[in-house]
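A.B. asks: First the structure, then my questions, so here it is.
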Amino acid sequence: MPIHPYFDPDHLYFVTTNAERHAHLFRHESIIRILLDSLHFLRTDARMLLFVFVIMPNHIHFIAKFSKEYTLADMMRDFKRHTARQMIRQLRAEDQTQTLALLQSFNKDLRQDLKVWEDSYDGRNVFSLKFLEQKMNYIHYNPCRSHWNLATAPEEYPWSSAGFYIADKPCVIPVDDVRELLV
């Protein structure tokens, strides 16, 4: 069941959102880039501080702090709307007819032709250092889990902040260093 916590702009949030019916829509670099560029825009537009993230084939996780003017609910609504439009445009440009047909089959709402995202998301308040560390490890090691087998080490997976935290390598998009909040 999705969790939508009481929003406090002073808190960090662990957020998960899924592709509709957990479809593996986020496998191609052109689609992953849309998600990365959108997260990067929200960060550079001062709507959020982005600390940790991973883009998986059918979902994304991230830890962020949101501005009081642009709440978690606002961000998720706008992020999903924008990325869905961009992904559909990209799939059409690449003539990905099978994927477009799949998105059309997900549609239950007559207001939209194609459905990319589940309607809900899970947002959990990061209430302790232990919880933060647990979720950071979960995010970074997710690509290495046996049912995904996307990388042998977290820092090898390119669509994550793991390299930044584990190997001190530049991240595919800039992130805010959560360790600076811990001093």
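The values are calculated or read from the model by the stated rules, or taken from the named source; none is laboratory data. Note that this is a predicted model, so its numbers are computed, not measured. FYI the Cβ positions are ideal-geometry reconstructions off the backbone, even for glycines, and counts take in every protein chain you see. Ligands, DNA and RNA are excluded from the accessible area calculation, which covers all protein heavy atoms including side chains. Shrake-Rupley method; radii C 1.70, N 1.55, O 1.52, S 1.80 Å.
A.B. asks: Do we find a residue being closer than 23 Å to residue 144 by Cβ and outside any strand (DSSP E or B) anywhere in region 38-51?
C.D. replies: From region 38-51, those closer than 23 Å to residue 144 by Cβ are 39, 50-51; that's our starting set.
Narrowing further to those that are outside any strand (DSSP E or B): 39.
Within region 38-51, one or more residues are closer than 23 Å to residue 144 by Cβ and outside any strand (DSSP E or B).
A.B. asks: Here's a check for you: in region 53-89, which residue that is outside any strand (DSSP E or B) and either among the basic types (Lys, Arg) or in contact with a Gly (Cβ under 7 Å, 6 or more places away or on another chain) (or both) is farthest from residue 120 (Cα to Cα)?
C.D. replies: Among residues in region 53-89 that are outside any strand (DSSP E or B) and either among the basic types (Lys, Arg) or in contact with a Gly (Cβ under 7 Å, 6 or more places away or on another chain) (or both), the one farthest from residue 120 (Cα to Cα) is 89.
A.B. asks: Follow-up question, since we're still on this one. Tell me which of these residue 135 doesn't satisfy, since it passes every other one: (1) open to solvent by 50 Å² or more (accessible area, probe 1.4 Å); (2) basic (Lys, Arg); (3) part of a helix (DSSP H, G or I); (4) touching a strand residue (DSSP E or B) at 6+ places or on another chain (Cβ under 7 Å).
C.D. replies: (1)
A.B. asks: Among the listed residues 46, 84, identify the single one that is among the aliphatic types (A, V, I, L, M) and open to solvent by 70 Å² or more (accessible area, probe 1.4 Å).
C.D. replies: 46
A.B. asks: Determine if region 105-123 includes at least one residue that is touching a strand residue (DSSP E or B) at 6+ places or on another chain (Cβ under 9 Å), closer than 25 Å to residue 177 by Cβ and not small (Gly, Ala, Ser).
C.D. replies: Within region 105-123, one or more residues are touching a strand residue (DSSP E or B) at 6+ places or on another chain (Cβ under 9 Å), closer than 25 Å to residue 177 by Cβ and not small (Gly, Ala, Ser).
A.B. asks: Considering only residues that are free of Cβ contacts under 8 Å to residues at least 12 places away in the same chain and open to solvent by less than 70 Å² (accessible area, probe 1.4 Å), which ones fall in region 106-130?
C.D. replies: Within region 106-130, 107, 109, 112, 128 qualify.
A.B. asks: Another question, if that's okay. When you check residue 78 against the structure, is it open to solvent by less than 80 Å² (accessible area, probe 1.4 Å) and in contact with a strand residue (DSSP E or B) (Cβ under 9 Å, 6 or more places away or on another chain), yes or no?
C.D. replies: Considered against the rule, which asks whether it is open to solvent by less than 80 Å² (accessible area, probe 1.4 Å) and in contact with a strand residue (DSSP E or B) (Cβ under 9 Å, 6 or more places away or on another chain), residue 78 comes out as no.
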